[in-house]
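Written out below as structure tokens is the structure these notes cover.
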Amino acid sequence: MTRDLLSCLRGSGERLRPALFRQRALRPWRELLVGPLRVFSPILSVPCSIPRSVRFFLPSFPRPNSKAEAIFRELTLAGVPANAIWIPGKDGLKIWEKLKRTMFYLPRALCSYSMLIFRSRRLDRADLQMLLGRETYRSLMRRYPNLMPIIISDVSPTLHMLWSAAVTEGNGAIWWQDDYHHSGPLPQPVVAAVILNQDGLKAVRGKSPEAFVVARDQTPVEQIRAIPTRPRVGVATNAFFLADVTQRRYLNDVLRALGASMLRIRLHPNSRLTAEDFPEPWIEVALPNELLDEFTRTVDFVIVGNSAVQLRLLCEGVPVVHIPGMDPHGFDSYGYVKRGFCFGIERVQSIDVVRIRAFYADPALKEKIRAYVSVSKDEYLGSLSDFARSDLMNGQSKLR
């Protein structure tokens, strides 16, 4: 078994198996029927055909405030033609497209499934799903040898399959550092990378020293704004926030501890929640298309759980208070409280505006954050404009 395949199985399985377990726990009877078919679900993610003008494969539609939207916007502003980037349809797959992909890929997937079952009975459903998805993406890469996937650094199980397929077929892949804390070892090599900070650069060079690396626009770091006596309190959630009774009671504890009259909530772009999920009169929900800087103009500091937005807020000069209970990931999973960037407290009843104000009065904080979100001045990297003018545009940069 090749190293890239092992990396795919390991990386994809870390997130896929817990997701499948949750499905079985929530809908046990449905999973008895649907579960065995789920191994073939990746074929619905793979298009049957792609225009020959396409160079970059971005398997996520760029909805407002999403990761894919940032990638698409930054690349096109840098000079990459929009028709050089493949993205899925805005409204998801139509029924006819699902049928088309099923008819196109299912016969080969069934053959692969039979071979896998014959060779090893130790493979579970997660393994089978990953292997069939990888093989389907391999067939796409073989048909389009100049196609290079863009791998968002928060690598989903599907992206692990795609990444491994691209490496195996020699297409190569482009690693896009979406967030500053995505700096762990890369599981697969890349031909190019678009990075945010020094840690991201180190991660790329550790796996692919010869990769073509450019930097995204460096984030300016503003001085943390002063907190007024009667602050307006915002809340920014991540995709795991459920707004269930327990969490809404938790928010009420925050409200009472701060002596505030209202909390203004900004939901994650991928959240399916709406204002109707918050019957409390003291909760106001921002509109889904409200930009982050628009949101921050309406609040004086923001309560967050384990969300990437906390560092972005700090860079924009917005005080942040990190608390547990907003998602299933505990306290400070990003490590920003431990690093000293962010004020955090594990017992919400002890939140005190005076302590928050004192923490953000530290004159060294701005420079500490700036060093983390930047690339060293000693590094000479290109920009996204250089990326748009590189050999990547004509498919000449390959892994062989």
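The values are calculated or read from the model by the stated rules, or taken from the named source; none is laboratory data. It should be emphasised that the depicted structure is a prediction, and the values quoted were computed from it without experimental measurement. Positions of Cβ are generated from backbone atoms using ideal geometry, with glycine treated the same way; all protein chains shown enter the neighbour counts.
Structural remarks
- Taken over segment 34-58, the criterion of being of a type outside the set (A, V, I, L, M, F, W, C) and either closer than 19 Å to ASP217 by Cα or at pLDDT 90 or above (or both) is satisfied by SER41, PRO42, SER45, PRO47, SER49, PRO51, ARG55.
- In segment 274-284 there is at least one residue matching the filter, namely being over 26 Å from the mean Cα position of the chain (by Cα), of a type in the set (A, V, I, L, M), over 16 Å from HIS322 (Cα atoms) and modelled with pLDDT of 90 or more.
- Meets criteria (assigned to a helix (DSSP H, G or I) and under 27 Å from SER385 (Cβ atoms)) for TRP163: yes
- In segment 18-65, the residues that are out of contact with any Asp or Glu (no Cβ under 8 Å at 6 or more places or on another chain), surrounded by fewer than 16 Cβ atoms within 10 Å (Cβ to Cβ), assigned by TED's automatic domain parsing to the domain that holds GLU135 and over 21 Å from GLU135 (Cβ atoms): PRO51, ARG52, SER53, PHE61, PRO64
- Cross-chain or 6+ apart pairs with Cβ under 9 Å, segment 373-400 first and among the aromatic types (Phe, Trp, Tyr), then modelled with pLDDT under 90: PHE387/MET393
- Residues within segment 339-383 that are of a type in the set (Gly, Ala, Ser) and closer than 13 Å to GLN198 by Cβ, tallied: 3
- In the set ASP293, ASP253, only one residue is assigned by TED's automatic domain parsing to the domain that holds GLU346, among the charged types (D, E, K, R), more than 30 Å from ALA68 (Cα to Cα) and outside any loop (DSSP other than H, G, I, E, B); that residue is ASP253.
- Any hit, segment 126-140, residues being small (Gly, Ala, Ser) and assigned to a loop (DSSP other than H, G, I, E, B): no
- Identity of the residue in segment 268-281, assigned to a loop (DSSP other than H, G, I, E, B) and touching an Asp or Glu at 6+ places or on another chain (Cβ under 9 Å), that ends up farthest from PHE359 (Cα to Cα): PHE278
- Taking residues in segment 234-254 that are among the acidic types (Asp, Glu), and partners anywhere that are at pLDDT below 90 and surrounded by 15 or more Cβ atoms within 10 Å (Cβ to Cβ), the pairs with Cβ atoms closer than 7 Å and at least 6 places apart or on different chains are ASP253/VAL348.
- Residue within segment 354-365 that is touching a helix residue (DSSP H, G or I) at 6+ places or on another chain (Cβ under 6 Å) and on the phi < 0 side of the Ramachandran plot present: no
- Residue match in segment 195-212 (condition: part of a loop (DSSP other than H, G, I, E, B), under 15 Å from the mean Cα position of the chain (by Cα) and surrounded by 20 or more Cβ atoms within 10 Å (Cβ to Cβ)): yes
- Hey, PHE331 under 24 Å from LEU75 (Cα atoms) and surrounded by 14 or more Cβ atoms within 10 Å (Cβ to Cβ) or not: no
- Residue that is touching a residue at least 60 places away in the same chain (Cβ under 8 Å), crowded, with 21+ Cβ neighbours inside 10 Å and within 18 Å of GLN223 (Cβ to Cβ), where the choices are PHE341, PHE301: PHE301
Every residue, every condition in (1) part of a loop (DSSP other than H, G, I, E, B); (2) small (Gly, Ala, Ser); (3) touching a residue at least 60 places away in the same chain (Cβ under 8 Å), yes or no:
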position	(1), (2), (3)
LEU5	no, no, yes
PRO18	no, no, no
ARG24	no, no, no
SER53	yes, yes, no
PRO59	yes, no, yes
ASN65	yes, no, yes
LEU99	no, no, no
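- Residue within segment 320-328 that is in contact with a strand residue (DSSP E or B) (Cβ under 9 Å, 6 or more places away or on another chain), over 16 Å from GLY305 (Cβ atoms) and either in contact (Cβ under 8 Å) with a residue 24 or more places away in the chain or not in a loop (DSSP other than H, G, I, E, B) (or both) present: no
- Any hit, segment 61-76, residues being under 28 Å from VAL309 (Cβ atoms) and modelled with pLDDT under 80: yes
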